Amino acid sequence: MDLGKVDGEFLRETVYPRLGADREDVRVGPTAGVDFGVLDVDGQALVIATDPLSLPPGLGFERAGRFALDICLADVAVSGIAPSHVAVGFSLPPAMTDEQFAAAWRAIDERARELGVSVATGHTARYAGVEFPWVGAATALGVGDHEDVIRPDGAEPGDALVVATGPAAETAGLFATMFPDALGLDAATVATAQEQLDETGCVEDALAAANGGAVHAMHDATECGVQGGLAEMAASAGVQIALDPDALPYGDGVRAVCDAIGVDPLQVTSSGTLLIAVAPDDAEAVVDALRDRGTRAAVAGRVRDGDGLYAGGERLDHPGTDPSWAAYERFRE
């Protein structure tokens, strides 16, 4: 089995036919390309999402803790509903010291306070066989009105495609921080790329976009990056997305790091990069709302009748496997 997320066929054959009891309060259940589920609780929408927790020691544990929480909360925020609670389960490696965990937990607490998010419950333990960076999982929750929920599969023909932050900011920031001397790049480029990791927290961006105009779909480009995320959005909505790669907002140093590690920036994990389908008359307002926050944003494509993802007339398929995983193993060794 390949590293990273399993593919849609595996989900359809193995997971989706076996989802436990059929309950009417599940309004959105597990769906390929959809970041979250939705429950109905007394007429309110409870948006819920679960993600693995990663604490790469090379980031420093405080920075890693903040990064881990941002990734988890993003999958609720892209619904347009603010995350309000989180449940955290840690399966810690025996090599992790109390002091290292305390540093990560302080950062998680500080970031949660910034966003008004409360830790509702959790589990913390060390177990043999666990290794960095994957140290558990977290579930984020948010409550709002059903009519305010934005789904990743809601793109409509005629929509403009807004991209915020840009491709591969996460990957470039991670590699520049963890392997600065192995990239063969000048110190200034490495330092600039390291700063991209601070662009991966997108909770505030997602809420600003949702309030900026008629957003029909929003997706966080995590594993397999912009290319994978847009392919998922097109497939789940039954539309065609025409991407203009030249219009994408790249951060400084991103292309250089991707070249150094031998990956396509469109195909690698890009947490914090929002893919937003918005009514065309509101596209510039959404871009302005993001730029007002200091976030790179641009209109970088259109949604059309048809199917699939295209760039310059060429169809771009879902990468299937994120190439940054193999690059990470090479550099770690």
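Within the stretch 134-181, the residues that satisfy the criterion of being in a helix (DSSP H, G or I) and over 23 Å from Thr200 (Cα atoms) are His146, Glu147, Asp148. When residues in the stretch 155-173 are screened for being in contact with a Lys or Arg (Cβ under 6 Å, 6 or more places away or on another chain), surrounded by fewer than 22 Cβ atoms within 10 Å (Cβ to Cβ) and at positive phi, 0 of them pass. Considering (1) more than 30 Å from Gly116 (Cβ to Cβ); (2) surrounded by fewer than 18 Cβ atoms within 10 Å (Cβ to Cβ), the lone condition that Ala176 does not fulfil carries the number (2). Number of residues in the stretch 109-160 that are within 23 Å of Ala285 (Cβ to Cβ) and of a type in the set (Ser, Thr, Tyr): the value is 0.
Please go through the stretch 40-76 and give me each residue that is surrounded by 21 or more Cβ atoms within 10 Å (Cβ to Cβ) and of a type in the set (Lys, Arg), ordered by number. Within the stretch 40-76, just Arg66 meets the criteria.
Considering only residues of the stretch 106-126 that are in contact (Cβ under 8 Å) with a residue 12 or more places away in the chain and more than 19 Å from Thr50 (Cβ to Cβ), which is surrounded by the most Cβ atoms within 10 Å (Cβ to Cβ)? Let's see the steps before the verdict.
Initially, the stretch 106-126 is screened for residues in contact (Cβ under 8 Å) with a residue 12 or more places away in the chain, giving 106-108, 110-112, 115-126.
Then drop every residue that is not more than 19 Å from Thr50 (Cβ to Cβ), which leaves 106-107, 110, 116, 126.
Numbers: Arg106: 14, Ala107: 21, Glu110: 13, Gly116: 9, Arg126: 14.
Filtering the stretch 106-126 for residues that are in contact (Cβ under 8 Å) with a residue 12 or more places away in the chain and more than 19 Å from Thr50 (Cβ to Cβ), the one surrounded by the most Cβ atoms within 10 Å (Cβ to Cβ) comes out as Ala107.
In the set Asp292, Asp282, Asp259, which member is in contact with a strand residue (DSSP E or B) (Cβ under 9 Å, 6 or more places away or on another chain) and either touching a residue at least 40 places away in the same chain (Cβ under 8 Å) or on the phi < 0 side of the Ramachandran plot (or both)? First the steps, then the outcome.
Working: Asp292 fails: in contact with a strand residue (DSSP E or B) (Cβ under 9 Å, 6 or more places away or on another chain); Asp259 fails: in contact with a strand residue (DSSP E or B) (Cβ under 9 Å, 6 or more places away or on another chain).
The match here is Asp282.
What about Gln194, is it among the polar types (S, T, N, Q), crowded, with 19+ Cβ neighbours inside 10 Å and either in the same structural domain as Arg12 (by TED's automatic domain parsing) or in a loop (DSSP other than H, G, I, E, B) (or both)? Answer is no for this residue. Of the residues Ala104, Ala82, Ala32, Ala112, the single one that is in a helix (DSSP H, G or I), farther than 26 Å from Phe175 by Cβ, touching a Leu at 6+ places or on another chain (Cβ under 8 Å) and outside the structural domain of Ala234 (by TED's automatic domain parsing) is Ala112.
Yes/no per residue for (1) touching a residue at least 40 places away in the same chain (Cβ under 8 Å); (2) over 19 Å from the mean Cα position of the chain (by Cα):
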position	(1), (2)
Val163	yes, no
Ala168	yes, no
Phe175	yes, no
Met178	yes, yes
Ala187	no, yes
Thr192	yes, yes
Gln196	yes, no
Thr200	yes, no
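The residues on offer are Arg23, Arg12, and the sole one that is of a type in the set (Lys, Arg) and in contact with a strand residue (DSSP E or B) (Cβ under 9 Å, 6 or more places away or on another chain) is Arg23.
The values are calculated or read from the model by the stated rules, or taken from the named source; none is laboratory data. Just so it is clear, the structure is predicted and the values come from calculations on it, not from any experiment. Methodologically, a virtual Cβ is constructed for each residue, glycine included, from the backbone with ideal geometry; neighbour enumeration extends over all protein chains shown.
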